[in-house]
Amino acid sequence: MIAYIIRKLLEGIPTVFGVTIVTFLLFNVFGGNPVLQFLGKSATNAEIAAMEAQYGFDRPLAHQYVDYLGEVITFDFGKSFVTKEKVLEMIKERAIPSLALTIPALLATSLLSVCIALIAAFYRGQRTDKILMFFAVLGMSVSFLVYIVVGQYILAFRFPVFQIHGYLPGPQQWQYLILPMLIMLIVGMGYDTRFYRSIMVEETGKDYVRTAFAKGVSRPRALFVHVARNAMVQIVTRIMISVPFLVTGSLLLESFFGIPGMGSMLLDALNASDFPVIKAYTVMISILFVVSNLLTDVLYAIVDPRVRLG
Amino acid sequence: MNLISFALIAGIFTLALTTITRSPRAWRKLKKDRSALFSGAVIVVYALAAITVSGGIIATETDIQVGEKFLAPCAQHLLGTDRLGRDIFTRVVYANKIAFMVGIVSATAAVIIGTILGGLAGYFGGWVDSVIVWFYSTIQSIPYLLLLIALTWIAGKGINGLYVAFCATYWVGPCRLIRGEVLKLRNAEYIQSAHAMGMGNLRILFRHIIPNTLHISLVNFALLFIGAIKSEVILSYLGLGVQGEPSWGTMIDQARAELINGFYWQIGGATVAMFGLVLAFNIFTDALQDAFDPKAQKP
Amino acid sequence: MGTSPLNSRLARAVIVAFVATILCSGCKSQSPELVGKKILRMPLSAKVGTLDPIQGSSSYANWAMAPVYEPLLQYNYIKRPLELEPNLLTKMPDVSPNGLVYTFELKPNILFHRDPCFQKENKDHSNTRELTTDDVFYSLKRMANRTLRPQGWWVFNGRIKGFDAFKEAQNANADGFNYAAKVSGFEKISKYQFRIHLTKPYPQFLFVLAMNYTSVVAKEAVEYYGDQFPKHPIGTGPFTLKTWKRGSKLEFVRNPDYRQEFFPKKSLITENDQHLKLSEYADKQIPFLDGIIMEVYEQVQPAWLKWRVQDLDFVRVPAEFHDAIFNKSNRLRQKFKSEGVEQFNLPLLDFIYRGFNMKHPITGGEQGKKIRQAISLAMDTEEFNDRFYNNTCILYDGPIPPGLDGFEPGVISPYRGPNLSKARELLKQAGYEHGQKGGKPLEVFFETTIGGQNQMQAEVFTRQLKRIGIDLKPNFNSFPELLDKLHKNKAQMFGLAWGSDYPDAENNLALFYGPNAAGGMNHFNYSNPEYDQLYERISTMQPSPARTVLYKQMRDLIIEQRPAIASMARTRFYVWNGNLKAFKPSETWYTWIKFLDVDRLKP
C-alpha cells in the first residue's frame, strides 16, 4: 500500500513539472511586465530598465526558469510583487474565506443531490424521475452570472432574506455566505443529481441487487441500503475530484458578494502580473490535483477489494 | 467566416446523422423519444437561424439606433432597446450566430484533437501513451480560468482568442474517453484479424477503430458546445469575450447593472435565448447517450 | 433498516439548521467596538493595494489614506474654487520675493498615532512622538528611494536644490539608501521651522504639498515594519487604522490624541451651500465621527443595493442609473427626494480624451495631421455624452478642463465634429479618398481598457469613423497592458482620462511637453519646440493674466495639431441618505473626510 502511494506520488512529479513549464511560458514569455505597474504613470524607460534588472527579468529565460524550479522544490515562493507579503501567507489568508464558502456548498450540494438522485433512481422511468431530471437540466441551462445578478437583486434586496454583500472574519461570516452558497448549490445540483442518478441506475442493474430482489428484499431497502452503499465509492470519488476546485474559489461570487477569497486574489495577480502569486497558486493547485487523484485511487482500493493496487 | 461557419454547421449535422444511423438500434430508440425529437427540432431551428444570419438575410444591422434608449418591449421592438437605442431582439438573434460559431469551432477542434491524440495513445500505448497522458494531466492540473485568461492574452482578445482558449482546454475530456475506448477495442477480434491481414497500424486505427468511437465524439461535441457557450459569458464578464459584435455573453455582461432600474429585457432576452439552446442541447445529448450507451454515466 | 433512523434524524437536523439560518440571516452584526458609535460607512469601487503615501496613486488609495495621513497643506473645505490653507503648519509658508525659498513653521504638539514602533527609540518608552522638521524631510526623501516604488517623484523632478543629485547618489549607493545624507535644498531651522530651497520658481509647489504623496510619516514606523509598512499606516491623522482585511474592508477608529482642529468658519458658508446644512457645524471641533468603515465593492449592483438599504452612507451614482435617479436637469426625482436623499453634483477637473502616438508613421507627426483632424471631425462627442454620460459631461477642446485658467467656454476648435464633409475633404487631401488608399481602407488601431462601458464606447466610435471610411480596430487591454503599449510606443491611438492632481492647468499641459516623452507621462510622444519653449516659460510663472495668455497659446497648438481629441469633463454625482451630515465632496483632495458627521448610531 505504502509502496503504491509513493509510486503514485512519484508519478505526479512529471505533471507538476509540466505545469511549471506551461505557466512559466505563459507568463514570463508572453505575459505583461510587472515593473510598469510598480512605477506608475510617470515612469521613464530608464527607470523601468533599472527595476527590471533589480528583479532579474533581464536574465536569460533558462536561468529564470531554474530559479523558479528551485522555488517549487523548496516550496518558498518569496513575496508578492504587489503586497510585499509572503505569498504562502497570502494564500493561507485568502483560502479561508474561499473554503468557508465552497466546503459547505459542496457538502450541501452532494448531500441534496444524492438524496434527489436516490428518489429519481427509485422512481426510474416514472413521472417523478422525469420531472426531477427535467429540473436538473433546467438548472444547468441558465448562466451562472444570471443566477448571481438576479439572485442578489431578488433574494437580498427585493425580499431581504439574505445579506447583500460583505464579509466578516470569524464565525459571523456565515450570514454573508448563505446566499452565495445557495447559488452554488443551485448551479451545482443539476450536474450532480444527474451524475449520481446514473450511478445508482447503473448499480441497480447489477447482479447483487437482482439477487437481493430474488431473496425478497423490498425495493426501497435494496435501493437505500445496498445500492447507496455501493454507490458511495463513486460519490466520494466525485467529491474528492472537486477538492482542488474548492481552493480555486469562485471569482464571480467573490466579486459580487465581497468575499476576499482565492478567485479575486488570482484575478488581481493576473492583472498586475504578480508572478510570485501566480506561480505559487498554480503549483499548489496542481499538487492538489495530483494528491486528490491519488486519494481517489487509494479509496477505490480500500472500499472495493477487487481493485488491486499494483 | 460566414461560409466557414455555414460549412461547419452543415458538416456537423451530416456527421451527426451518419453516426446515429450507423447504429440502427440507437436510431430506433432515438426516434421513439419524443423529447429528444423535439429538442432536436429546436436545435435545428436555432441552427437555421444562425445560418440565415450568416447568409446576411436577417439581423444584418445590429449596431444601428432604431429608437429611444431603454424602450420597453413592444410590437415593433419585441425585446425593447438597449442603452444605445439598438433593437435587442435583432442583437439576440445575431448573437445566436456567434454562439454557434464559438460552440462549433471550439468543440469541433477540441473533439478532433482529442480523438486523434486519444486514439494514438490508446492504440500504440508505450511512450506515446505516456507522453499524451502526461500532457493532458498537465493541462488538467492548471486552474481552468487561469489557463483561459492566459491563452486569450496570447491569442488576442475576441472571438479568435475564445476559439484558441476553449480548444486548448477542451480536448482533454474527449481524449481521455477515446483513449479508454480504443484500449478496449484494440484487442477485439476484428482488429486482430485486420492485423493478420497485414493492414498498417494507422489504417487500422483510423479506418476501423475510430469510426467505432464516433458516438463518444458526438456526445462530447454536444457537451463542449454547451460548455463553450456558457463559458463565453464568464469570459465576457472578464472583458475577454467577443468584441465588436453582440454575443449573449456581452449582452448579459453589459446589462448586469441594469436590472435594478427595471430594465430586465436585455439580460432577460439574452438569457432566455441562451437557455433555450442550452436546454435543447442538454436534453438531446442525454437522449443520444441513452440511445448509444444506456449505462454510461452522465457528467 | 439500521441506518434509516439516523438518516432521518440527520435530515431533520439539516432542515432545521437550514430554516434557522435563513430566518436569522436577516439580522445584522458589526464589530462590537463600533456598536453605539457614530460610524461612517462608505464604498471603495476598487481594491486598495497599499497604504504607503508615496505609493498610492489611485483615488481609492487616496480615500483609504485620508483618515490616517496628513500632508502639510490642505484645501479649504467650503470655499470654491479650491483654496489652499495650512494643515500641519501654523500658517501658510512665507515665500521669498524671487519665489525660490519657502519658509515653514509646524504646529507644535502634533503627535503620531500611538504604536509600539516608537517605544524602542523613546527614552521613556512612550508609544508616540511629536512630529518635527526631520519627519517632513524624511518623508520627502522617501519619494526619491526607487526601491520603495514611489509614484510621485515627478512632482519634484528638477525642482529642489540638490534633491536630484541626492536621488541619483542614494539609489546608486552600495551601502543602501542613506536618509541622513544631505539635500542642500532642505534647511532645518529648528524643531518646528524649516526652509526649502528651489532651483527655479515652482508656482505649483504648494499644491504638491497638499498631495497625499507628501504626507508625513514617522521614520520609526517605516523601519519597524520594514516592507510591511504599507500595511501599517502610522500618521498624524484624526483616525487610526484598526483592521484591514485586504481586498475587502478597512476599519478606522478615532485617534484620541488628535490635535485641536475646527470646522471652517460660519462666514465662509454661502447661499449655494444652504442645502448642505453646514452652518450647524461651523467652528466646532473635529472630528465628529467615532470611526469609518470602507468596504470594497467591485460591482455596481451590490454597492447600490447596500446604499438603498442604508448600509452605506453615500455612493457615486453610476452612469447606468443616472436616468432612474435624476430628472433631465440632473436633480433627484421626487421618489428619492421624499425619502430624504440628498445630492451633490461635483464637476471634475477631468480630461477624457482620445490620443494619438505622434511617432506613428501614418497617423503621427506632420504627415498624419490631416488624418487626425479628419478623425476629430468625424467624431460626434455629443453622442458619447448622450449615450454614456447622460449629457452630463462638458465638451471642450484642448487639454485644459473647465474650472482652470486657460479654459474658455466659448472656444470651439475648427475640428470639433461632426462635420463629415470637411472630414472627408481633409482625408482626401491626406491621400485617402473615401478613407481608402490603393483600394485599402485606412486602418486605425485604437487601444483602450477592459471594463465599464468601454466596449460599447468603442462600438460607437467605430461606427462614427466608418462614416468617413476609416476602419477602426479597437483593442481592449488591462491597465498594465495599456501602459506597456504606451511606454513601448506600440499604440497608434488610445483612450485615457487624466484627472488633474491640483487645480492648475500646468498639470495637464505637462502631458505634451517634449522631454516628458520617451516613456514618460507624455504618452503622445508630442514634441514641438514652440510648445516646449512656452511650457518652460509657464512652468516658473505665478498665476497671472500673462500666464493665462500663454496657457491659451499652448492650448491652441494642441487644438491645431490634434495629438489629443474629443476632450470631455465628467460630473460626479454623489447621493447620500439624510443621516450623513456636513458632506461637501471633492476629488482633488480627500482628507476632508475628517469633517463628516453621521446622525445615526450603530445599533
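The values are calculated or read from the model by the stated rules, or taken from the named source; none is laboratory data. Model, not experiment: these values are computed from the prediction. As a convention, Cβ positions derive from the backbone with ideal geometry for all residues, glycine included, and neighbour counts pool all protein chains shown.
Values as computed for the structure displayed
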{"read-out": "Residue among C:F194, C:F177 that alone is more than 30 Å from A:H165 (Cβ to Cβ), in contact with a Lys or Arg (Cβ under 6 Å, 6 or more places away or on another chain) and either hydrophobic (A, V, I, L, M, F, W, C) or modelled with pLDDT under 95 (or both)", "value": "C:F194"}
{"read-out": "Index of the failed condition, B:L277 passing every other in (1) out of contact with any helix residue (DSSP H, G or I) (no Cβ under 6 Å at 6 or more places or on another chain); (2) more than 11 Å from chain C (Cβ to nearest Cβ)", "value": "(1)"}
{"read-out": "Test set (1) in a helix (DSSP H, G or I); (2) modelled with pLDDT under 90; (3) surrounded by 14 or more Cβ atoms within 10 Å (Cβ to Cβ) - B:K31 fails condition number", "value": "(3)"}
{"read-out": "Residue pairs meeting the criteria (Cβ under 9 Å; at least 6 apart or on separate chains; first over 19 Å from B:V131 (Cα atoms), in the stretch A:9-30; second not in a helix (DSSP H, G or I))", "value": "A:L26/B:I142; A:F27/A:S273; A:N28/A:F57"}
{"read-out": "Exclusive hit being modelled with pLDDT of 90 or more and either more than 12 Å from every other protein chain (Cβ to nearest Cβ) or over 30 Å from the mean Cα position of the chain (by Cα) (or both), set C:G438, C:G495", "value": "C:G495"}
{"read-out": "Candidate set: the stretch A:57-90, residues that are within 14 Å of chain C (Cβ to nearest Cβ) and not hydrophobic (A, V, I, L, M, F, W, C); chosen: the one nearest to A:L270 (Cα to Cα)", "value": "A:S80"}
{"read-out": "Residue that is modelled with the highest pLDDT, among those in the stretch A:155-173 that are under 25 Å from B:G262 (Cβ atoms) and more than 9 Å from every other protein chain (Cβ to nearest Cβ)", "value": "A:L155"}
{"read-out": "Residues that are surrounded by fewer than 15 Cβ atoms within 10 Å (Cβ to Cβ) and either closer than 22 Å to B:R91 by Cβ or not acidic (D, E) (or both), drawn from the stretch C:431-440", "value": "C:G431, C:H434, C:K437, C:G438, C:G439, C:K440"}
{"read-out": "Some residue of the stretch A:113-132 being crowded, with 18+ Cβ neighbours inside 10 Å, in a loop (DSSP other than H, G, I, E, B), at negative phi and free of Cβ contacts under 8 Å to residues at least 60 places away in the same chain", "value": "no"}
{"read-out": "Evaluation of B:A165 against (1) in contact (Cβ under 8 Å) with a residue 60 or more places away in the chain; (2) closer than 29 Å to A:N33 by Cβ; (3) more than 14 Å from chain A (Cβ to nearest Cβ) (one fails), failing number", "value": "(3)"}
{"read-out": "Options A:L251, A:L246: the member that is under 30 Å from A:V150 (Cβ atoms) and within 10 Å of another protein chain (Cβ to nearest Cβ)", "value": "A:L251"}
{"read-out": "Candidate set from the stretch C:541-557 (those that are touching a residue at least 40 places away in the same chain (Cβ under 8 Å) and not in a helix (DSSP H, G or I)); member that is farthest from C:G99 (Cα to Cα)", "value": "C:P543"}
{"read-out": "Qualifying position, being at pLDDT 85 or above and surrounded by fewer than 22 Cβ atoms within 10 Å (Cβ to Cβ), among A:L266, A:L246", "value": "A:L246"}
{"read-out": "Residue in the stretch C:187-235 that is nearest to C:I160 (Cα to Cα), counting only those that are away from every other protein chain (no Cβ under 14 Å), under 20 Å from the mean Cα position of the chain (by Cα) and among the aromatic types (F, W, Y)", "value": "C:F205"}
{"read-out": "The stretch C:237-268, subset buried (at least 20 other Cβ atoms within 10 Å of the Cβ) and aliphatic (A, V, I, L, M), residue nearest to C:A64 (Cα to Cα)", "value": "C:L250"}
{"read-out": "Unmet requirement for C:L250, which otherwise passes all of (1) without any contact (Cβ under 8 Å) to a residue 40 or more places away in the chain; (2) touching a Phe, Trp or Tyr at 6+ places or on another chain (Cβ under 7 Å)", "value": "(1)"}
{"read-out": "Count - residues of the stretch A:265-287 that are more than 10 Å from chain B (Cβ to nearest Cβ) and in a helix (DSSP H, G or I)", "value": "7"}
{"read-out": "Scan of the stretch C:138-165 for residues that are more than 18 Å from C:L100 (Cβ to Cβ) and either in a loop (DSSP other than H, G, I, E, B) or more than 13 Å from chain A (Cβ to nearest Cβ) (or both), ordered by number", "value": "C:Y138, C:S139, C:K141, C:R142, C:M143, C:A144, C:N145, C:R149, C:P150, C:Q151, C:G152"}
{"read-out": "Residue count, the stretch C:458-478 (criterion: surrounded by fewer than 18 Cβ atoms within 10 Å (Cβ to Cβ), facing another protein chain (nearest Cβ under 10 Å) and touching a residue at least 24 places away in the same chain (Cβ under 8 Å))", "value": "1"}
{"read-out": "Set A:D67, A:D76: member being modelled with pLDDT of 80 or more and not in a helix (DSSP H, G or I)", "value": "A:D76"}
{"read-out": "Of the criteria (1) buried (at least 19 other Cβ atoms within 10 Å of the Cβ); (2) of a type outside the set (S, T, Y); (3) not in a loop (DSSP other than H, G, I, E, B), which one C:K335 fails", "value": "(1)"}
{"read-out": "The one condition in (1) facing another protein chain (nearest Cβ under 9 Å); (2) small (G, A, S); (3) over 16 Å from A:M189 (Cβ atoms); (4) under 22 Å from the mean Cα position of the chain (by Cα) that A:A100 fails to fulfil", "value": "(1)"}
{"read-out": "Residue ranges of strands (runs of 3 or more DSSP E) in the stretch C:236-330 with at least 3 members within 14 Å of chain A (Cβ to nearest Cβ)", "value": "C:239-245, C:249-254, C:291-296"}
{"read-out": "Residues of the stretch B:192-228 that turn out to be charged (D, E, K, R) and touching a Ser or Thr at 6+ places or on another chain (Cβ under 6 Å), as a count", "value": "0"}
{"read-out": "Residue within the stretch A:127-139 that is facing another protein chain (nearest Cβ under 7 Å) and among the β-branched types (V, I, T) present", "value": "yes"}
{"read-out": "Single residue of the stretch C:404-430 satisfying the filter (of a type in the set (G, A, S) and at pLDDT 90 or above) that is surrounded by the most Cβ atoms within 10 Å (Cβ to Cβ)", "value": "C:A423"}
{"read-out": "Hits in the stretch A:138-182 - residues which are under 19 Å from B:G249 (Cα atoms) and among the hydroxyl-bearing types (S, T, Y)", "value": "A:S141, A:S143, A:Y147"}
{"read-out": "Selection within the stretch C:441-477 - among the aromatic types (F, W, Y) and modelled with pLDDT of 90 or more", "value": "C:F445, C:F446, C:F461"}
{"read-out": "Selected residue [part of a helix (DSSP H, G or I) and among the aromatic types (F, W, Y)] from C:Y535, C:Y502", "value": "C:Y535"}
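Let's see how each residue does on (1) among the hydroxyl-bearing types (S, T, Y); (2) under 19 Å from the mean Cα position of the chain (by Cα):
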{"residue": "B:V53", "(1), (2)": "no, yes"}
{"residue": "B:G80", "(1), (2)": "no, no"}
{"residue": "B:L84", "(1), (2)": "no, no"}
{"residue": "B:T90", "(1), (2)": "yes, no"}
